[in-house]
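These notes are about the structure you will find just below.
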There are 2 protein chains.
Amino acid sequence: MPELLRRYLPILQWGRTYDRQQAGSDLLAAVIVTIMLVPQSLAYALLAGLPAEMGIYASIVPILLYAVFGTSKALAVGPVAVVSLMTAAAIGKIAVPGSAEYIAAAITLAFLSGLMLMALGLLQLGFLANFLSHPVIAGFITASGIIIATSQLKHVLGVPAEGHNLYELAGSLLTHSGGLNPHTFLIGAISAGFLFWVRKGLKPLLTGWGIPARLADVMAKAGPVGAVALTILAAWWFDLGSKGVALVGDVPQGLPPLTMPVFSFDMWLALAGSAMLISVIGFVESVSVAQTLAARRRQRIDPDQELIGLGAANVGAAFSGGYPVTGGFARSVVNFDAGAATPAAGAFTAVGLAFASLTLTPLLYFLPKATLAATIIVAVLSLVDFSILKKTWIYSKADFLAVASTILITLGFGVEAGVTTGVLVSILIHLYKSSRPHMAVVGQVPGTEYYRNVLRHKVITDEHILTVRVDESLYFANARYLEDAIYDLASRRPKLKHVILMAPAINAIDMSALESLEAINERLKAGGVTFHMSEVKGPVMDRLKRTDFLDELTGKVFLSQHQAVSELAGKPRRGGAAKSKPVG
Amino acid sequence: MPELLRRYLPILQWGRTYDRQQAGSDLLAAVIVTIMLVPQSLAYALLAGLPAEMGIYASIVPILLYAVFGTSKALAVGPVAVVSLMTAAAIGKIAVPGSAEYIAAAITLAFLSGLMLMALGLLQLGFLANFLSHPVIAGFITASGIIIATSQLKHVLGVPAEGHNLYELAGSLLTHSGGLNPHTFLIGAISAGFLFWVRKGLKPLLTGWGIPARLADVMAKAGPVGAVALTILAAWWFDLGSKGVALVGDVPQGLPPLTMPVFSFDMWLALAGSAMLISVIGFVESVSVAQTLAARRRQRIDPDQELIGLGAANVGAAFSGGYPVTGGFARSVVNFDAGAATPAAGAFTAVGLAFASLTLTPLLYFLPKATLAATIIVAVLSLVDFSILKKTWIYSKADFLAVASTILITLGFGVEAGVTTGVLVSILIHLYKSSRPHMAVVGQVPGTEYYRNVLRHKVITDEHILTVRVDESLYFANARYLEDAIYDLASRRPKLKHVILMAPAINAIDMSALESLEAINERLKAGGVTFHMSEVKGPVMDRLKRTDFLDELTGKVFLSQHQAVSELAGKPRRGGAAKSKPVG
């Protein structure tokens, strides 16, 4: 039991040796991350179509739970851009943004996603995330970044616009562009410009002034807080609210409330697919960040336990007024760079955010939504990177196809269609490729016992014997191709008496492939041809011995290909070049 | 153009050399198959919930079109049991059996299925059928056979009962069992008993009487015709219709009518999934039969052209009052055994069935539905074979899981859920297995240049060098596992300076795996460890050269593993057993 506890509660490991020095590092990191998270959390809630405070709530309890159950020392959990967009897409299908049902759906979505992540973790099904190939994720994130940035333009322009894909969004923006609010646009444009400059230009400027690089970095990261503070002041001073600038308005002051997911079978069914997509996308992003950071200090994370950690965080979000969360890239890097030594840094961050939620929320009344939108736009545009298209085009057209279709479908039909397409296209391409394994007809290299591809080498063959080497494990996706290929080769050789399947590269044979071998055996037998195998690997042979395939086999299984040919040709052929006819 | 024509119209090849002798063989085969097909076609139409004549219609034009476009010399196309059941399941979702909409839906389903098959053929996407593994098909057909037999019990018992899965059917039968009609039951039970006996006992009896084996076989195959004729006589003589025995009733006399599919987007959308499943199942069954028969005469079939042939047959069915068709096992074997030499045998069969449709239909008025149901039950019970469960249990638990879930879901939730589950489970299992490739840490076999698994051999290792050999191509499903495994191994070796990935068994590296290698390289670098590769295959190396991976690689790519270790250990190690420490 203590063994199990230690496994599922990583806090029991690092918590026992927690010391003052670690606490100091963690505390410093927490202060910096808290400053960064306040505007980010508000902004992502806005992106999800939810009240601003839900972004803060989603960063408190989930961080605490991740600190207990997670294995990464530096991962910072909370709302992130892509998952917020996916949340909007998912709950937008079943409720109207702004309604109580919409909020309830977001909470329920976090709950379902949390349950699924925990179930995947307990069942050790983390490998499911492998369905999302790297290029598909890269394409998906780029396309999501474009959709997010476009969706936020409405807040910057001060016009209403809706849509879950680029086409709807762009159309909606154009339709309403006449109603642009100049004050909103001014706030939004200046904020965006300021944030872009902070991102690129502030750090060099500060270091130029002699400020240490590390501190300059932290100050640059605090840029969004500066933009938030300045635009709050401007909105208050110029009374921008009365001039049509949308403000965040009343934000409840206090700790996260206790909320409950909706226990409705219909709603669960409606959200299940989206919850699964969000879980997988969130997990994949999070694990990738966690691994990158762990590697820098030669630490390990445990992907299956990460599922449990993220699952607990999401269940926590559901019971504390939040919405789906995952490990964020930017905030985790800041946490790591600021020196976070243990997940306790996350716990301190949660305390910081709880303090902000208790005290700072009244100040947010005058915060223009355009400022938050600018924060999001600047953040997500750094995710947009089309280089994956060029990279895959050069490296592998199959991967290019997967990325290009993911990007196009995401932009054209939204995030859920996009990521689903990416997964399906990758799997299809993989099955297509492995359904046509490399096969070679082989012959004897004169004077040796080597057998090589007749197309590449000058080798000796025998018109009565056909040897086919397959360079891949045999399973259902390529079993029929093998059948086809062997029948095809056999039907073109009228004098054929023996077919040998040379199997040194076959690591496994599944039931489908076994049945294909049985069919090949029977069908060749019907045509008067004997079927043999050579160089079958030990584990494959062990498995074949459990069946009656070896009894039914019309021919033999030879240890070596040379032995097979020597015996079947009815004469020893060592160095027998003189007696055979070479094939060019 | 003639090249293309020859490819897509196989009739142009065999048609040119068609002679009198072939015509004689084909004609004899056609007579025998026609006799067999009349009751079978009526029965399968009943199974699909359609008017009996649609079964005959579905056997006329489709056979003619397959003769033009198909590549198998002996395949007999028409309604078959499993596809009829799937048709009932598909159109039962959108229309009430017996209604005009139901018939229109069946015709539209054939049309859609035909279009899909032709599209798959033209795009050479026949490999999609590989998604259906052999064991999944075996399980699916067994479960379908049970559902079909159960669904026909209502006709034998003379009670109403409905359902698309075993649970619904059994429940419905039990509910209505009080209303059993004794006359119907008598007809059904005697027919079934007679047919079982014909199948097993008639041929030995006839040969015992000195009748040649071949003729006895044909007479046994005509058993269903005997049952049909005798029960028609009995129904007429005893006026069973007035005693509550359901009769086939009026069947229109004449050639197949010209019908049109419904061009409704909603209906197409509703039927698209079912049409795809029916196409794939039909194609897979048909190709397997065609290949078995072709192999006996050392002939070839072309799976992509088969898609076009079956597609044309289904489109033909849609325009001539039929419903989805495919190549049937029993009738194709009879056709083959009766000596069919070319697809012209099919054309003659079509003429025979057209003649039957023109002249014999009035006789069917008195045919009890119980007889047809008995025909179906006896036919499909021969499909039921649970041995695949035992076979897979012994051979591979993964395949067993796929089969068992296919059978259970088919029985419990119907054919469409069953086959979908089978496909998904197989793909999941495959991805799961290939997501954990065999990997070994290797060391030098003392006194040699061989490097073997440290767990299996007594080899020399170096605490500064970790060599990992992966026995599988690297792609998205195993890329992250490789990362995990390497980080894990590296983190347990504090003195590590070099990691070597030994790659002689890696046939391909996709973009995801390349990015994983890049991540491994970077993360090891962050921890002060150099990353190398050894024995990379030529084609893999060519592809890597197109990227900047080799420039970024902190270490080198070595031609041989021994060269790598010699250089990295900083000393020649040939036969260097004395200087190294062996690891048990």
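Only residues that are crowded, with 16+ Cβ neighbours inside 10 Å and either aromatic (F, W, Y) or within 14 Å of another protein chain (Cβ to nearest Cβ) (or both): list them for region A:258-272, please.
Residue satisfying the conditions is A:W268 alone.
Could you check region B:302-342 and list, in sequence order, the residues that are within 14 Å of another protein chain (Cβ to nearest Cβ), surrounded by fewer than 24 Cβ atoms within 10 Å (Cβ to Cβ) and aliphatic (A, V, I, L, M)?
B:V333
Return only the number of the condition from (1) more than 8 Å from every other protein chain (Cβ to nearest Cβ); (2) under 30 Å from A:P504 (Cβ atoms) that B:R493 does not satisfy.
Among (1) more than 8 Å from every other protein chain (Cβ to nearest Cβ); (2) under 30 Å from A:P504 (Cβ atoms), the lone unmet condition for B:R493 is (2).
Failed condition for A:G443, given (1) within 11 Å of chain B (Cβ to nearest Cβ); (2) among the small types (G, A, S); (3) crowded, with 21+ Cβ neighbours inside 10 Å, with all others met?
In the conditions (1) within 11 Å of chain B (Cβ to nearest Cβ); (2) among the small types (G, A, S); (3) crowded, with 21+ Cβ neighbours inside 10 Å, A:G443 misses (1) alone.
Going by what's in this entry, would A:V499 be described as within 11 Å of chain B (Cβ to nearest Cβ) and either touching a Phe, Trp or Tyr at 6+ places or on another chain (Cβ under 7 Å) or at pLDDT below 85 (or both)?
Numbers: within 11 Å of chain B (Cβ to nearest Cβ): no; either touching a Phe, Trp or Tyr at 6+ places or on another chain (Cβ under 7 Å) or at pLDDT below 85 (or both): yes.
So A:V499 fails the test.
Can you tell me which condition A:A275 does not meet? The list is (1) open to solvent by less than 30 Å² (accessible area, probe 1.4 Å); (2) within 12 Å of chain B (Cβ to nearest Cβ), and all the others hold.
Only one criterion in (1) open to solvent by less than 30 Å² (accessible area, probe 1.4 Å); (2) within 12 Å of chain B (Cβ to nearest Cβ) is unmet by A:A275, namely (2).
Condition (residue is more than 9 Å from chain B (Cβ to nearest Cβ), of a type in the set (K, R) and buried (at least 22 other Cβ atoms within 10 Å of the Cβ)) applied to region A:466-474: is it met by at least one residue?
Pass one, region A:466-474, residues more than 9 Å from chain B (Cβ to nearest Cβ): A:466-470, A:474.
From the residues that got through so far, the ones that are of a type in the set (K, R) too are A:469.
From what is left, the residues that are buried (at least 22 other Cβ atoms within 10 Å of the Cβ) are A:469.
Within region A:466-474, one or more residues are more than 9 Å from chain B (Cβ to nearest Cβ), of a type in the set (K, R) and buried (at least 22 other Cβ atoms within 10 Å of the Cβ).
Hey, any hits in region A:548-566 for a residue that's in contact (Cβ under 8 Å) with a residue 12 or more places away in the chain, within 11 Å of chain B (Cβ to nearest Cβ) and open to solvent by 40 Å² or more (accessible area, probe 1.4 Å)?
no
Given the criteria part of a helix (DSSP H, G or I) and touching a helix residue (DSSP H, G or I) at 6+ places or on another chain (Cβ under 8 Å), does B:M260 qualify? Break it down stepwise before answering.
On the way: part of a helix (DSSP H, G or I): no; touching a helix residue (DSSP H, G or I) at 6+ places or on another chain (Cβ under 8 Å): yes.
When the stated conditions are applied, B:M260 does not pass them.
Suppose the filter is among the aliphatic types (A, V, I, L, M), modelled with pLDDT under 85 and either on the phi > 0 side of the Ramachandran plot or open to solvent by less than 10 Å² (accessible area, probe 1.4 Å) (or both); does B:A345 pass it?
no
Can you tell me which of B:D217, B:D266 is within 30 Å of B:A313 (Cβ to Cβ), part of a helix (DSSP H, G or I) and in contact (Cβ under 8 Å) with a residue 40 or more places away in the chain?
That would be B:D217, the only listed residue that is within 30 Å of B:A313 (Cβ to Cβ), part of a helix (DSSP H, G or I) and in contact (Cβ under 8 Å) with a residue 40 or more places away in the chain.
Quick one: would you say B:A216 is of a type in the set (A, V, I, L, M, F, W, C) and modelled with pLDDT under 85?
Against the criterion (of a type in the set (A, V, I, L, M, F, W, C) and modelled with pLDDT under 85), B:A216 qualifies.
List pairs: first residue in region A:84-113 and touching a residue at least 12 places away in the same chain (Cβ under 8 Å), second residue open to solvent by 10 Å² or more (accessible area, probe 1.4 Å) and aromatic (F, W, Y) anywhere in the structure, Cβ distance under 7 angstrom, at least six positions apart or on different chains.
Close Cβ pairs (under 7 Å, with a partner that is open to solvent by 10 Å² or more (accessible area, probe 1.4 Å) and aromatic (F, W, Y)) amount to A:S84/A:Y44; A:L112/A:W268.
Search region B:89-120 for residues being outside any helix (DSSP H, G or I) and not β-branched (V, I, T), and hand back the single one that is surrounded by the most Cβ atoms within 10 Å (Cβ to Cβ).
So in region B:89-120, the residues outside any helix (DSSP H, G or I) come out as B:93-99.
Next, from what is left, pick out any that are not β-branched (V, I, T): B:93, B:95, B:97-99.
On the way: B:K93: 14, B:A95: 18, B:P97: 13, B:G98: 11, B:S99: 10.
Residue satisfying both the conditions and the ranking: B:A95.
Could you tell me whether region B:73-80 includes any residue that is closer than 23 Å to B:P362 by Cβ and of a type outside the set (F, W, Y)?
yes
If you take the residues in region A:370-394 that are touching a Ser or Thr at 6+ places or on another chain (Cβ under 8 Å) and charged (D, E, K, R), which one is farthest from the other protein chains (Cβ to nearest Cβ)?
A:D385
Could you check region A:514-533 and list, in sequence order, the residues that are assigned to a helix (DSSP H, G or I), aliphatic (A, V, I, L, M) and either at pLDDT 90 or above or crowded, with 16+ Cβ neighbours inside 10 Å (or both)?
A:L514, A:L517, A:A519, A:I520, A:L524
If you take the residues of region B:223-250 that are of a type outside the set (K, R) and more than 23 Å from B:S357 (Cβ to Cβ), which of them is surrounded by the most Cβ atoms within 10 Å (Cβ to Cβ)?
So the residue we want is B:V245.
Could you look through region B:487-503, keep only residues that are of a type outside the set (D, E) and part of a helix (DSSP H, G or I), and pick out the one that is most open to solvent (accessible area, probe 1.4 Å)? Steps first, answer last, please.
Taking region B:487-503 and keeping what is of a type outside the set (D, E), we get B:487, B:489-503.
Retained after the next criterion (residues that are part of a helix (DSSP H, G or I)): B:487, B:489-491.
Details: B:Y487: 20, B:L489: 29, B:A490: 10, B:S491: 45 Å².
Among those residues, the one meeting the criterion is B:S491.
One line per residue, one yes/no per condition, for (1) more than 10 Å from chain B (Cβ to nearest Cβ); (2) open to solvent by less than 10 Å² (accessible area, probe 1.4 Å); (3) more than 22 Å from B:H134 (Cα to Cα):
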site	(1), (2), (3)
A:Y481	no, no, no
A:A485	yes, no, no
A:A505	no, no, yes
A:E535	yes, no, yes
A:D542	yes, no, no
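Output the residues belonging to region B:288-301 that are of a type in the set (A, V, I, L, M, F, W, C) and within 8 Å of chain A (Cβ to nearest Cβ).
Answer for region B:288-301, where residues must be of a type in the set (A, V, I, L, M, F, W, C) and within 8 Å of chain A (Cβ to nearest Cβ): B:A294, B:A295.
Looking at B:G193, B:G210, B:G226, which is the one that is more than 26 Å from B:Y44 (Cβ to Cβ) and at pLDDT 80 or above?
Result of the check over B:G193, B:G210, B:G226: B:G210.
Can you tell me how many residues within region A:128-168 are part of a helix (DSSP H, G or I) and open to solvent by 20 Å² or more (accessible area, probe 1.4 Å)?
Residues meeting the conditions: 15.
The values are calculated or read from the model by the stated rules, or taken from the named source; none is laboratory data. Predicted model only: the values in this text are computed from it and were never measured. Positions of Cβ are backbone-derived with ideal geometry, glycine not excepted, and every protein chain shown enters the neighbour counts. Surface accessibility is based on the protein's heavy atoms, side chains included, excluding ligands, DNA and RNA. Shrake-Rupley method; radii C 1.70, N 1.55, O 1.52, S 1.80 Å.
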